[in-house]
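> Supplied in structure tokens, the structure appears directly below.
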Amino acid sequence: MLVHIPTELYQHLVSYSRLQLPEEACGFILGTQSDNDNGERHAAAFAPLPNISKQPRTQFEISPTAMLPFLLDQEHPVIGIFHSHPTSPPIPSHHDLQSLWHTIPTYWILSLQQPEQPDLQLYQIKKATLTTFHKLSFVIGQ
Ligand SMILES: [Zn+2]
């Protein structure tokens, strides 16, 4: 699966995540309807959502009431779940792997561990084995 990311969307992820420091930022990545069966996905917009976790510096949690309208919107399908890692690498944490996000096809993590060099990674997390995740390819700005 290759994911296409508009430059503005990437910049939005970085600026929003910086604003939420020292806490983790989170939200949904919305796609376009043109997604077809060639295995590619086109990200169209980022919808920030409040992080309601009790440990927001190291975990994120989104209220079901906040996410529901997005999950019901078929015109702008949710193609990804996004969150930031303020002080750790862009690798799914143990807590991330325990959370139930397997119905959303892509999992995005932006690391701000090096403040001047944001590091975005995309993953696909398989339900069968909770510890299995693999990196996805993506291009920004094409
Ligand atoms: Zn995480």
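> What are the residues in segment 58-105 that are assigned to a loop (DSSP other than H, G, I, E, B), within 16 Å of the ligand (Cβ to nearest atom) and among the β-branched types (Val, Ile, Thr), if any?
Thr58, Ile62, Thr87, Ile91, Ile104
> Which count do you get for residues in segment 90-131 that are at pLDDT 80 or above, over 21 Å from Tyr16 (Cβ atoms) and among the polar types (S, T, N, Q)?
Summing the residues that are at pLDDT 80 or above, over 21 Å from Tyr16 (Cβ atoms) and among the polar types (S, T, N, Q) in segment 90-131 gives 1.
> Okay, next question. Cβ contacts < 6 Å: first residue more than 21 Å from Ala43 (Cα to Cα), restricted to segment 88-111; second residue at pLDDT below 90 and surrounded by fewer than 20 Cβ atoms within 10 Å (Cβ to Cβ), any location; separation 6+ or different chain. Result?
That search, which allows pairs on different chains as well, returns Leu97/Leu130.
> Is one or more of the residues making up segment 33-41 in contact (Cβ under 8 Å) with a residue 12 or more places away in the chain and more than 26 Å from Ser137 (Cβ to Cβ)?
no
> Looking at segment 66-77, I want the residues that are in contact (Cβ under 8 Å) with a residue 12 or more places away in the chain and have a partner that is acidic (Asp, Glu) with Cβ atoms under 8 Å, at least 6 apart or on another chain. Which pairs are those?
Pro77/Asp35
> Further, regarding this structure: Going through segment 47-93 one residue at a time, which ones are small (Gly, Ala, Ser) and more than 12 Å from the chain's Cα centre (by Cα)?
Within segment 47-93, Ser53, Ser63, Ala66, Ser88, Ser93 meet the criteria.
> Answer with yes or no whether Tyr10 is touching a Phe, Trp or Tyr at 6+ places or on another chain (Cβ under 8 Å), modelled with pLDDT of 95 or more, aromatic (Phe, Trp, Tyr) and part of a helix (DSSP H, G or I).
no
The values are calculated or read from the model by the stated rules, or taken from the named source; none is laboratory data. If you're wondering where the values come from, they're calculated on a predicted model, not measured in any experiment. We place every Cβ from the backbone using ideal geometry, glycine too, and count neighbours over all the protein chains shown.
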